[in-house]
Amino acid sequence: MKKKISVFDIINFIICGLIGLVCVYPFYYVVMASFSDPSKLMGHNGVLLAPLDSTLGAYEEIFKNELLVGSFRNTFLILFIGVALSMIVTTMAAYFFSRKDIMLQKPLFLLVLLTMFVSGGLVPLYLTVCDLGIDDTLWAVILPTAVSTYNLIVLRTGFMSVPESLIESAKLDGASDFTVFSKIVLPLSKAPLAVILLYYLVENWNSWFNASIFLRDKSLYPLQLVLRQILLSNNTDSMMGGADVGDYESFSETLKYAIICISTVPMLLIYPFLQKHFAKGVMIGAVKG
């Protein structure tokens, strides 16, 4: 039996569709503008549904710029090393705090929770990084943010949802903690792991604040820091070198749109693969204590 569509459903679809259009169109405009001819784009008013005289000039100029290409390389290094390190440390710590038979587990967990409310401050962090000798290196961007307390709590809660009887049965059969961790807990916690992975991916991809503090060598700048400097200074002259682009002002606007696209698309491509686990993983961390 087919369900009848009520007037309320129709109105609801229309309203949700309009809200979705309002949310999606700004990014769609940026993408279309990045492929448009600069001079025609500057003279265009109103809605932009397709590129104006399609061209790849802005993207070609971006990948000719050594600073921007280097920033891509640095960002991917930070992304792969930072996410791998964060996932390893966070999963191991979350497993430790999810077990109830460990001595001093609760006092140690309270100390970890304390870091969410009390911070040593920026100056002590800077002095610590300098004392470790990792300032002006990519490690200064990766290590200070290797573990997020919030992510640790969410993952700990996810691990606690694994049936205790299953873990006890494995230990009775001679399984070690590492076997329980790798063969039972991790495979049964795909949803919270996917959520934490996505959080760390976005955090490392968008990382710029620590880089702006600890990095002095521009060749080590990540993409987001270079993008921030370009957009805040409203100046892309250094990226256009000797390019024969006619109207510099028009081409500068198109270039900014292209930079925004290449700094956003990677995360948009990753999200659909983790989306099915996202809602479930967040709910596990929100409901159980």
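Which value, in nm² and rounded to one decimal, describes the direction-averaged projected area of the C-alpha convex hull of the chain?
22.9
Scalar couplings 3J(HN,Hα) for region 10-24, obtained by applying the Karplus form with A = 6.51, B = -1.76, C = 1.60 to θ = phi - 60°, are 5, 5, 5, 4, 5, 5, 5, x, 5, 4, x, 5, 4, 6, 7 Hz; x denotes Gly and Pro.
At the residue level, residue 99 shows approximately 10 square angstrom of accessible surface with a 1.4 angstrom probe and all protein chains present. Toward the positive end of the charge dipole of the chain, with +1 on the Cβ of Lys and Arg and -1 on the Cβ of Asp and Glu, the farthest Cα among 82, 31, 111 is that of 111. Peptides 77-87, 129-139, 102-112, 31-41, ordered by how many other C-beta atoms sit within 10 Å of their residues on average, highest first, read 31-41, 77-87, 129-139, 102-112.
Here the translational diffusion coefficient of region 1-100 follows from Stokes-Einstein with Rh set to the Kirkwood radius across Cα pairs; for 10 °C and 1.306 mPa s it amounts to 84 µm²/s. Using equal-weight Cα scatterers in the Debye expression, the normalised intensity of region 48-149 in log10 at q = 0.10, 0.19, 0.23, 0.24 Å⁻¹ is -0.51, -1.08, -1.25, -1.27.
Size descriptors for region 102-228: radius of gyration and Dmax over Cα atoms are 18.7, 56 Å.
Round to a whole number: what % of the accessible area of the chain belongs to carbon and sulfur, probe 1.4 Å? Mind showing how you got there, number by number?
Working: 11350 of 16900 Å².
After summing per-atom areas, the C and S share lands at 67 percent.
In this structure the amide hydrogen of residue 36, modeled in the peptide plane, comes within under 5 Å of the amide hydrogens of 52, 55, none closer than 5 places in sequence on its chain. With respect to the cross-link table entries 100/171; 40/256; 106/183; 40/64, which display a Cα-Cα separation exceeding 21 Å? Distance filter (> 21 Å) returns 106/183; 40/64.
Taking the alpha carbon gyration tensor of region 40-98, what are the square roots of 5 times its eigenvalues, largest first, to the nearest whole Å?
Details: eigenvalues 369, 68, 10 Å².
For region 40-98, the semi-axes come out at 43, 18, 7 Å.
In this Cβ point-charge picture (+1 for Lys and Arg, -1 for Asp and Glu), region 4-143 has a dipole of about 660 debye about its Cα centre.
For region 89-157, a Kirkwood hydrodynamic radius built from all Cα pairs, placed in the Stokes-Einstein relation at 10 °C and 1.306 mPa s, yields a translational diffusion coefficient of 117 µm²/s.
Over region 75-216, average the accessible area per residue using a 1.4 Å probe and give it in Å², no decimals.
Numbers: 7560 Å² over 142 residues.
With the other protein chains kept in place, region 75-216 gives 53 Å² per residue.
Values of log10 I(q)/I(0) for region 125-173 across q = 0.27 Å⁻¹ run -0.95, by the Debye formula with one identical scatterer at each alpha carbon and no solvent.
The values are calculated or read from the model by the stated rules, or taken from the named source; none is laboratory data. Quick caveat: nothing in here was measured; it's all calculated off a predicted structure. Note that we place each Cβ from the backbone using ideal geometry, even for glycine, and neighbour counts take in every protein chain shown. When the accessible area is computed, the model is the full protein with side chains, heavy atoms only, and any ligands, DNA or RNA have been set aside. Shrake-Rupley method; radii C 1.70, N 1.55, O 1.52, S 1.80 Å.
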